[in-house]
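Novice: I'd like to ask you about the structure that follows.
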Amino acid sequence: MLKIGVIGCGYWGPNLIRNFINLKDAQVKTASDLSENRLKHMNRLYPSLAVTVDYKDIINDPEIDAVVIATPVSTHYELAVEAIKAGKHVFCEKPLTSKVDEGIKLVSLADKAGKTLMVGHTFVYTAAVNKVRDLIKSGELGDVYYISTSRVNLGLFQDDINVVWDLAPHDVSIMNYILESRPVSVSAVGYSYIQPKIQDVAFVTLRYPGSILANLQVSWLNPNKIRATTVVGSRKMLVYDDISSLEKIRIYDKGVDVIPHYDTFGEFQLSYRYGDISIPKLDDAEPLKIECQHFLDCINGKTPRSGGKHGLEVLLALDAIDRSMAANGAEIKIEYPESLA
Ligand SMILES: NC(=O)c1ccc[n+]([C@@H]2O[C@H](COP(=O)([O-])OP(=O)(O)OC[C@H]3O[C@@H](n4cnc5c(N)ncnc54)[C@H](O)[C@@H]3O)[C@@H](O)[C@H]2O)c1
């Protein structure tokens with residue numbers, strides 16, 4: 001039975017507490033938040049949970065094996081460092097840290113300490129994203145040409161991070177995972193329409209090895225909530241709509257073939273294929289439950305699907321997106337440190 005302490009009981013922390021509490025191999029011993037009201041709320045839900053406004057009560061508790069961090073990103077680094085130095089395994093919400101150098105130091109610290117460091121990139125634990133990955137891996141889509149995603153809605157405006165750091169961690173994590181690759185460069189434009197100097201809309205293009213393009217739109221300023229990803233391959237195409245409850249993935253047997261031509265003018269001939277549309281059945285287990293169980297399994301020896309290195313690769317892309325936006329969309333090459341070779 002692993003004992004867990006959770007720091008941060010705002011919007012997301014309670015989801016993690018609920019899932020860990022429901023796992024048979026874990027006990028959530030203590031929860032911490034700066035707000036007494038949030039702690040009272042947690043105690044109403046779980047009367048046996050110890051609560052504290054001082055997160056150090058968790059860090060310094062020798063009975064606690066692992067610390068879950070669900071606080072604002074600017075606090076992740078220091079909390080995670082303290083927890084690892086105190087000998088705890090760490091599950092840290094996404095994005096891992098707010099700066100690349102902090103991410104590098106944290107990953108190295110966890111490695112040296114031999115502690116599990118996992119990042120809450122929840123989408124890599126969803127059935128839909130794993131199905132897309134399987135379809136790519138099995139060759140069913142053919143060679144992937146490009147991916148485009150929209151993650152847009154009205155709000156929630158953040159005042160400490162821009163829309164890229166809020167929403168794009170999901171897309172970069174998903175794309176790196178389904179392509180089993182990482183971007184080599186990025187070009188991005190973003191604007192701050194509502195809050196000064198905090199971009200609320202960004203259009204980002206990532207270039208992956210093998211001429212794969214990925215485009216993502218992230219916005220807090222859109223009338224509709226859209227969570228859509230299109231993957232276009234040489235054999236088939238698919239649309240993954242995360243809002244849809246029953247038809248999250250539609251696979252289109254559509255494509256364009258170049259017809260071999262023998263005429264004297266050497267005209268380029270194309271044939272368009274319009275085949276069936278299929279909708280795979282997906283497991284409906286809660287991704288967060290799978291993610292929390294995976295964290296426990298990793299403490300017991302498994303390799304994290306979204307470990308510190310995955311989290312750090314996401315940070316490097318986010319940082320490059322920021323730099324490209326600052327340079328009016330210039331292409332920025334992403335340099336990966338040796339530890340990620
Ligand atoms: N994986 C996902 O899908 C997902 C979804 C939402 C949020 N998140 C992530 O979860 C984290 C938290 O986001 P949120 O929306 O819950 O934020 P939030 O602002 O609603 O909650 C954060 C809480 O942390 C508390 N806190 C801050 N510093 C603390 C400290 N030193 N000790 C104890 N408590 C402290 C605050 O009082 C607040 O209640 C962020 O990293 C965010 O990116 C992940």
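The values are calculated or read from the model by the stated rules, or taken from the named source; none is laboratory data. No experiment lies behind these values; they were computed from the predicted model shown. Positions of Cβ are backbone-derived with ideal geometry, glycine not excepted, and every protein chain shown enters the neighbour counts. The accessibility values were calculated without ligands, DNA or RNA, using every heavy atom of the protein model including side chains. Shrake-Rupley method; radii C 1.70, N 1.55, O 1.52, S 1.80 Å.
Novice: For the stretch 1-64, which trypsin sites (Lys or Arg not before Pro) pass both filters: DSSP loop (anything but H, G, I, E, B) and at most 16 other C-beta atoms within 10 Å?
Specialist: Those that pass, being in a loop and sparsely packed, are LYS24.
Novice: Around ASP65, with a cut-off of 9 angstrom between Cβ atoms, what is the net charge of the other residues, counting Lys and Arg +1 and Asp and Glu -1?
Specialist: Around ASP65, the charge tally is +1.
Novice: Which of the listed residues, GLN269, HIS170, ILE21, is farthest toward the dipole's positive end in the chain, when Lys, Arg count +1 and Asp, Glu count -1 at the beta-carbon?
Specialist: Comparing the listed Cα positions along the dipole, ILE21 ranks first.
Novice: With respect to the cross-link table entries LYS94/LYS333; LYS29/LYS131; LYS3/LYS289, which display a Cα-Cα separation exceeding 27 Å?
Specialist: Listed pairs above 27 Å: LYS29/LYS131.
Novice: If you don't mind, there's one more thing I want to ask. Magnitude of the Cβ-charge dipole of the chain, K/R +1 and D/E -1, about the Cα centre, nearest 20 debye?
Specialist: About 480 debye.
Novice: Now for a different question. Counting helices only, and only those DSSP H runs with n ≥ 4, report the 222 nm mean residue ellipticity of the chain as the sum of -39,500 (n - 2.57) divided by its residues, in deg cm²/dmol to the nearest 500.
Specialist: Dividing the helical sum by the residues of the chain leaves -10000 deg cm²/dmol.
Novice: Further question on the same structure: Compute the distance from the alpha-carbon center of the stretch 213-249 to that of the stretch 120-191, in whole Å.
Specialist: Answer, in whole Å: 10.
Novice: What dipole magnitude, in Debye to the nearest 20, does the stretch 47-195 give about its Cα centre under +1 on Lys/Arg Cβ and -1 on Asp/Glu Cβ?
Specialist: Value, rounded to 20: 340 debye.
Novice: Also, I was wondering about something else. Please give me the summed charge of the neighbours of GLN158: other residues whose Cβ is under 11 Å from its Cβ, Lys and Arg +1, Asp and Glu -1.
Specialist: Residues near GLN158 contribute -4 overall.
Novice: A follow-up question, please. Pull up the cross-link candidates among the aspartates and glutamates for LYS225, meaning alpha carbon to alpha carbon under 16 Å and not fewer than 8 places away within one chain.
Specialist: The qualifying aspartates and glutamates are ASP166, ASP171, ASP200, ASP241, ASP242.
Novice: Spin-label point model (7 Å from Cα, Cβ direction): what's the TYR193 to ALA113 distance in nm?
Specialist: The answer from the label model is 4.3 nm.
Novice: Taking 0.36 nm per residue of sequence separation and subtracting the Cα-Cα distance, how much length would be gained by fully extending the chain between ASN43 and ASN215, in nm to one decimal?
Specialist: Full-extension gain reported as 57.6 nm.
Novice: Could you work out the relative contact order of the stretch 119-223? I mean the mean sequence separation of Cα pairs under 8 Å and 6+ apart, divided by the number of residues, in percent.
Specialist: 33
Novice: Expected output is a single nm value to one decimal: the length gained when fully extending between ILE226 and ASN60, i.e. 0.36 nm times separation in residues minus the C-alpha distance. What is it?
Specialist: That pair, ILE226 and ASN60, stretches by 55.5 nm at full extension.
Novice: How far, in nm, would the chain grow between ASP134 and PHE157 when pulled straight, counting 0.36 nm per residue and subtracting the alpha carbon separation?
Specialist: 4.8 nm
Novice: When the Debye formula is applied to the Cα atoms of the chain, each taken as the same point scatterer, what base-10 log of I(q)/I(0) results at q = 0.10, 0.15 Å⁻¹?
Specialist: -0.64, -1.32
Novice: A further question follows. For the chain, set up a Gaussian network in which alpha carbons nearer than 10 Å are linked by springs, and say which option among THR30, THR97, THR75 fluctuates the most.
Specialist: THR75
Novice: Further question: Among LEU39, LEU96, LEU312, which one shows the biggest mean-square fluctuation in a GNM of the chain, springs joining Cα atoms closer than 10 Å?
Specialist: LEU39
Novice: Among THR30, ASN130, MET325, whose Cα lies farthest out toward the positive end of the dipole of the chain, if unit charges sit on the beta carbon of Lys, Arg (+1) and Asp, Glu (-1)?
Specialist: Comparing the listed Cα positions along the dipole, THR30 ranks first.
Novice: I've got another one for you. Using per-residue counts of other Cβ atoms within 10 Å, averaged over each peptide, order 314-322, 111-119 from highest down.
Specialist: 314-322, 111-119
Novice: Mind listing the Cα extents of the stretch 176-314 along all three principal axes, in Å, largest one first?
Specialist: In descending order, the Cα extents are 65, 43, 32 Å.
Novice: Could you give me the radius of gyration and the Dmax of the stretch 75-198, taking only the C-alpha atoms into account and expressing both in angstrom?
Specialist: Cα only, the stretch 75-198: 17.0, 48 Å (Rg, Dmax).
Novice: On to the next question. Can you tell which of ALA330, ALA202, ALA70 shows the greatest fluctuation in a Gaussian network model of the chain with Cα springs below 10 Å?
Specialist: Looking only at ALA330, ALA202, ALA70, the largest GNM fluctuation is found for ALA330.
Novice: Suppose the Debye formula is applied to equal point scatterers at every Cα of the stretch 142-231; what is log10 I(q)/I(0) at q = 0.13, 0.18, 0.19 Å⁻¹?
Specialist: Scattering profile of the stretch 142-231, log10 relative to I(0): -0.42, -0.75, -0.82.
Novice: Can you give me the accessible area per residue for the chain, using a 1.4 Å probe, in Å²?
Specialist: Accessible surface, normalised per residue, equals 48 Å².
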